Structure formats: structure tokens, C-alpha cells
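The values are calculated or read from the model by the stated rules, or taken from the named source; none is laboratory data. All of these numbers come straight from a predicted model, not from anything done at the bench. Don't worry about glycine lacking a Cβ; one is built from the backbone with ideal geometry, like all the others, and counts go over all protein chains shown. What goes into the accessible areas is simple: the full protein's heavy atoms, side chains included, and nothing from ligands, DNA or RNA. Shrake-Rupley method; radii C 1.70, N 1.55, O 1.52, S 1.80 Å.
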Amino acid sequence: MKITVTVNGERHRLDVEPRRTLVDALRDDLGLTGTHVGCEHGVCGACTVLVDGEPVRACLMLAVQADGASVATVEGLAGDDGTLHPLQEAFSRCHGLQCGACTPGMLMTAVHLLDTDPDPGRETIRAEMSGNICRCTGYTGIVDAVAEAARRRVTSETS
Amino acid sequence: MKCPPFDYHRATSVADAVDALQAAGDEGKILAGGQSLVPVLALRLARPAVLVDVNRIPGLAGLERRDGVLHAGALVRHLALADQRQHPLAAEAARWIGHTAIRSRGTLAGSLAHADPAAELPAVLRACDGAVQVAGPSGTRRLRADELFVGALQSALADTEMITGVELPVPDAWGFAEFARRHGDFAVVSVAAARFGERVRIVVGGVAGVPHLVDAGDLATVDGDVSDDRVTLLAAAAADDVDPASDLHGSAGYRRALTEQMTLRALADLAGHLRPVREPA
Ligand SMILES: Cc1cc2nc3c(=O)[nH]c(=O)nc-3n(C[C@H](O)[C@H](O)[C@H](O)COP(=O)(O)OP(=O)(O)OC[C@H]3O[C@@H](n4cnc5c(N)ncnc54)[C@H](O)[C@@H]3O)c2cc1C
Ligand code: FES
Ligand code: FES
């Protein structure tokens with residue numbers, strides 16, 4: 001089936017089987033392997049992307065369902081010159097990643113969290129990030145990173 | 001794993017969806033939020049020949065409170081249900097479903113049709129004595145919560161039928177409590193309590209194939225009395241009335257103890273929650 005999807009601002013035309021999930025279309029048809037795939041049934045959060053601004057599990061959405069939609073993935077976070085997104089920088093600084101398998105999903109979840117709640121407390125950060133599983137970090141570095149990115153953003157906006 | 005192959009039909013209207021389901025015989029399945037169906041396909045627990053995608057049918061995402069009843073469209077997402085203030089019990093229960101990325105896609109009708117015995121919204125539908133509007137090849141019908149849920153993951157809907165809308169009466173006071181192993185997991189035990197006039201309806205999720213409506217006899221007629229003594233008696237009655245099975249997540253005795261504790265919490269919650277006098281926007 002023929003579909004059109006905009007990914008990180010760029011329009012793509014694709015011909016996909018109906019059973020192809022959005023995450024497989026991103027990775028295998030578009031070569032955007034930044035979005036990771038873990039469990040393929042909605043539990044781990046590694047595949048989380050934003051579709052029309054809302055976080056979704058890309059393994060639970062069919063590519064044909066994203067026809068006409070706008071998708072944001074981890075590849076769109078850094079600037080064209082390679083400057084890291086403030087959340088990416090914070091993850092790096094706070095040891096919010098080790099192997100990196102969960103990181104794209106963590107980042108996209110955090111992007112949406114800070115878009116909807118610019119100044120979340122640690123409890124909110126924990127609750128909102130709890131749908132994403134990490135086997136390495138023990139989570140503390142991840143929570144620190146999101147809290148730091150939020151703090152820097154609030155400070156830079158008020159100064 | 002990857003989903004088995006299927007044909008895909010993007011329905012443009014309710015009639016078009018019903019036609020497509022009928023054309024598929026018993027080989028068709030409605031695809032709504034996909035938060036339960038796609039895992040089922042990925043794990044190859046089902047192999048429907050056709051998926052009928054209802055997400056783009058216009059007019060099915062409305063929320064309107066009329067005469068003390070919230071009328072919600074089939075496609076109301078869990079996030080929207082959690083955000084509205086017209087039915088506070090439904091809003092509270094929706095916040096307990098999975099995570100934001102699940103709630104952004106999952107739908108009210110999808111959760112009811114899926115009929116998971118540990119799911120929050122089926123318990124709320126039953127606690128509020130709500131109903132669903134159903135469209136099928138021979139017209140429309142209305143199913144009350146008591147009729148809709150038949151067993152674990154089993155509803156009274158035919159393969160060719162679609163839920164189009166949901167009626168949720170707004171209780172005069174409400175309470176909700178849940179115990180799950182981790183934030184966002186399905187409940188081990190959840191309790192939804194709704195008071196309509198003098199009667200309290202207590203529904204327990206996770207202890208039977210369908211959300212269990214507690215038979216508390218005369219105790220359930222509270223007549224304004226939600227004192228600590230009455231609450232203690234009702235919680236004990238709830239624990240007495242359930243007959244849970246043991247599984248990986250807890251023994252029957254553990255679930256019974258949780259039923260008592262969650263009922264205590266839900267009723268404490270109920271005592272503090274009165275229906276808004278004004279119908280909020
Ligand atoms: C990680 C994870 C955690 C979750 N946690 C919870 C939780 O804590 N509590 C909870 O309740 N749920 C939970 N869910 C499930 C979620 O609530 C689903 O959204 C819901 O069960 C199904 O809704 P859906 O719109 O996604 O339906 P789909 O998955 O699209 O469909 C589910 C079933 O309902 C049928 N169906 C859908 N719409 C209709 C309709 N209008 N008429 C007739 N039949 C229809 C489909 O054919 C299918 O059989 C979780 C899911 C995931 C992946
Ligand atoms: S791969 Fe999608 S949630 Fe695990
Ligand atoms: S960094 Fe390895 S899974 Fe999170």
C-alpha cells in the first residue's frame with residue numbers, strides 16, 4: 001500500500017505491506033536506524049517516537065496508519081551541524097546511558113514530557129519515564145538528566 | 001515477532017466498517033488504538049485475514065455530558081478521557097492505564113471490547129451501570145455492562161459488530177484504588193466505587209473473568225453513612241464476596257486481602273469526592 005509520511009520534516013513516499021509496523025518502516029525502508037526495537041509488543045519503550053506531536057510505540061502502530069502523519073525520531077534532535085539537543089547533552093553529562101539500546105526511546109519520551117510540562121518534579125519524571133525499560137543504568141542517571149535539562153531550560157528562559 | 005500477513009481496510013464510516021467486517025466473514029477484526037490487538041498479532045495469538053481500521057471514521061471522538069450521563073465516542077483516547085472533568089471517576093481510572101505512549105493511542109471502546117478482567121475502564125463501566133451503543137449488519141443495539149462482559153477477553157459482541165459510543169452515568173460520589181506491581185502495569189486488583197443516590201456499587205477488577213460487582217446486600221445502601229465502621233464492613237463484605245484464582249502475580253488469599261485493602265481505599269476516596277453540582281465544561 002502506498003503511503004506518504006513526513007519524518008523529521010522530510011516527506012517520504014513508501015510502498016509497504018499492511019503488516020509492516022512503523023518502526024520497521026523507519027528502520028528498514030527509510031534507513032533511520034536511530035529508533036530502536038526491543039520487545040515488539042509495546043512493553044519496553046525502545047521504539048517510542050512522536051507522531052503528530054504525541055508519543056507512540058512505533059512497534060504498535062502500522063506504517064499504513066501513519067499515512068499523512070508527521071513523525072519525529074531521535075535523528076531529528078541534534079542540529080544540522082551536529083550540535084546536540086539539550087536533552088542529549090544532559091544524558092551524556094549525567095551518565096543517562098550506557099549501551100544506548102533504550103536511549104532513543106528515553107529521549108523522545110523526555111522531549112514530549114518537557115514539551116508538556118517544562119518544570120516537572122522528580123516524581124513526575126520517574127512516573128513518565130517508567131514506561132521505558134533500561135537494563136544498564138539503574139535509572140538514576142536518566143532521571144538526573146531529564147531534571148537537569150528541565151532546570152537549564154527554565155533558567156535560560158528566565159535569564 | 002512480526003505480525004502475520006493480513007489485508008487492510010481503512011473504514012470511512014461506521015456503515016463502511018460493518019460492511020467490511022461482514023465481507024470478511026468471521027475473519028475480520030477492528031483495529032482501533034492497536035495497543036492490545038497489535039501485541040496479539042505480533043505474538044501470533046490471532047491471525048485475522050482483514051483488519052478494519054476505524055481510526056479515521058469522523059465523529060467518534062466526542063465527549064458530552066447530558067442529563068447526568070457522559071456520552072463518549074468509541075475513539076476517545078485514554079489521554080482525552082484522563083483529561084476531561086465531566087466524569088471524574090473515568091478520568092481517574094484512565095490515568096492508571098499503562099503509560100502516556102499507550103494512552104495516546106488506546107481507545108475507550110477498544111478497552112471495553114478487549115474485555116481484559118484486570119483493565120480499569122471495564123470496571124468503571126460496570127460500577128456506573130453504563131452501556132455501549134453497538135452497530136452491526138442488522139442495525140444498532142444497546143448492551144449494558146452486565147451483558148457486554150462474558151468472560152476473560154470475551155465480550156458479547158459478534159465478529160461483525162462495532163461499538164460506536166459509550167454511556168457512562170456520572171455517580172454522585174466516586175472512588176478508585178488500584179494495586180499494580182509497577183507503575184503503569186495492569187492491576188493485580190483494582191476497585192471502582194460509585195454512589196448513586198443511597199446505593200454504593202463496588203466493582204473489583206482482577207479477581208474474576210469479568211469485573212466483579214460486589215453483592216454487599218443491605219450494607220450497600222449507605223444513606224449518607226460512609227463512616228469508618230460502614231466502610232470497614234463493606235470492605236470485609238467485598239473480600240468475602242470475591243473468589244479469585246491464584247496465578248503468577250498472586251495467590252487467591254493475597255488477592256482477597258488486596259480486595260479488602262483496595263475497597264477501603266476506594267471508599268475513603270469516595271467519601272471525599274462529591275459530584276460537581278455544576279456540569280463542568
Ligand atoms: C505496555 C502496555 C500497557 C498497558 N497497560 C494497560 C493497563 O494498565 N490497563 C488497561 O486497561 N490497559 C492497558 N493496556 C491496553 C490498552 O488499554 C489498550 O488501549 C486497550 O486494551 C485496547 O484499546 P485499543 O484502542 O488499543 O484497541 P485495539 O488494540 O485496537 O483492539 C483491541 C480489541 O478490541 C476490538 N475493538 C477495538 N475497537 C472496537 C470497537 N469500536 N468495537 C468493537 N471492537 C473493537 C479489536 O478488534 C480488538 O479485538 C496496555 C497496553 C500496553 C501495550
Ligand atoms: S519495541 Fe516497541 S515497546 Fe518494545
Ligand atoms: S543504556 Fe543500556 S538499556 Fe538503557
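Would you mind telling me which numbered condition in (1) more than 14 Å from chain A (Cβ to nearest Cβ); (2) open to solvent by 20 Å² or more (accessible area, probe 1.4 Å) B:F186 fails?
(1)
Filter the range B:26-75 down to the residues that are assigned to a helix (DSSP H, G or I) and in contact (Cβ under 8 Å) with a residue 12 or more places away in the chain, then identify the one that is farthest from the other protein chains (Cβ to nearest Cβ). Don't jump to the end; show me each part of the working.
Residues of the range B:26-75 that are assigned to a helix (DSSP H, G or I), as a first pass: B:26-27, B:37-42.
Filter once more, so that each one left must be in contact (Cβ under 8 Å) with a residue 12 or more places away in the chain: B:26-27, B:37-38, B:41-42.
Details: B:D26: 19, B:E27: 14, B:L37: 9, B:V38: 4, B:L41: 8, B:A42: 5 Å.
If we take residues in the range B:26-75 being assigned to a helix (DSSP H, G or I) and in contact (Cβ under 8 Å) with a residue 12 or more places away in the chain, then B:D26 is farthest from the other protein chains (Cβ to nearest Cβ).
Might you check whether a residue that is open to solvent by less than 10 Å² (accessible area, probe 1.4 Å), more than 11 Å from chain B (Cβ to nearest Cβ) and closer than 26 Å to B:R181 by Cα occurs anywhere in the range A:130-138?
Let us first name the residues in the range A:130-138 that are open to solvent by less than 10 Å² (accessible area, probe 1.4 Å), namely A:131-132.
Still in the running and more than 11 Å from chain B (Cβ to nearest Cβ): none.
Looking through the range A:130-138, none of the residues is open to solvent by less than 10 Å² (accessible area, probe 1.4 Å), more than 11 Å from chain B (Cβ to nearest Cβ) and closer than 26 Å to B:R181 by Cα.
Suppose the filter is within 13 Å of another protein chain (Cβ to nearest Cβ), surrounded by 18 or more Cβ atoms within 10 Å (Cβ to Cβ) and more than 14 Å from ligand 1 (Cβ to nearest atom); does A:V56 pass it?
Details: within 13 Å of another protein chain (Cβ to nearest Cβ): yes; surrounded by 18 or more Cβ atoms within 10 Å (Cβ to Cβ): yes; more than 14 Å from ligand 1 (Cβ to nearest atom): no.
No, not satisfied.
Taking only the range A:31-53 into account, find how many residues are more than 14 Å from ligand 1 (Cβ to nearest atom) and on the phi > 0 side of the Ramachandran plot. Show your work before the answer.
Pass one, the range A:31-53, residues more than 14 Å from ligand 1 (Cβ to nearest atom): A:31-37, A:49-53.
With the extra rule that they be on the phi > 0 side of the Ramachandran plot, the set shrinks to A:31, A:52-53.
Going through the range A:31-53 one residue at a time, the tally reaches 3.
Looking at the range A:68-89, can you tell me whether even one residue there is at the interface with chain B (Cβ under 9 Å from one of its Cβ atoms), surrounded by 24 or more Cβ atoms within 10 Å (Cβ to Cβ) and within 16 Å of ligand 3 (Cβ to nearest atom)? Talk me through it step by step, then tell me what you get.
Step one: filter the range A:68-89 for residues at the interface with chain B (Cβ under 9 Å from one of its Cβ atoms), giving none.
No.
Conditions (1) out of contact with any helix residue (DSSP H, G or I) (no Cβ under 7 Å at 6 or more places or on another chain); (2) assigned to a helix (DSSP H, G or I), marked per residue:
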| position | (1), (2) |
| --- | --- |
| A:H95 | no, no |
| A:A101 | yes, no |
| A:T124 | yes, yes |
| A:A127 | yes, yes |
| A:C134 | no, no |
| A:V146 | no, yes |
| A:S156 | yes, yes |
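Just to check your reading of the model, which residue among B:H9, B:H78, B:H99 is facing chain A (nearest Cβ under 10 Å), touching a helix residue (DSSP H, G or I) at 6+ places or on another chain (Cβ under 7 Å) and buried (at least 17 other Cβ atoms within 10 Å of the Cβ)? So that I can check it myself, show each step before the final result.
On the way: B:H78 fails: facing chain A (nearest Cβ under 10 Å); B:H99 fails: touching a helix residue (DSSP H, G or I) at 6+ places or on another chain (Cβ under 7 Å).
Checking each option against the conditions leaves just B:H9.
Which of the residues belonging to the range B:81-96 are in a loop (DSSP other than H, G, I, E, B) and buried (at least 24 other Cβ atoms within 10 Å of the Cβ)? Don't jump to the end; show me each part of the working.
Kept after step one, since they are in a loop (DSSP other than H, G, I, E, B), are these residues of the range B:81-96: B:84-87, B:96.
The one that is in a loop (DSSP other than H, G, I, E, B) and buried (at least 24 other Cβ atoms within 10 Å of the Cβ): B:H87.
Suppose we keep only residues that are free of Cβ contacts under 8 Å to residues at least 12 places away in the same chain and more than 12 Å from every other protein chain (Cβ to nearest Cβ) within the range A:24-53. Which one would you say is surrounded by the most Cβ atoms within 10 Å (Cβ to Cβ)?
A:R27
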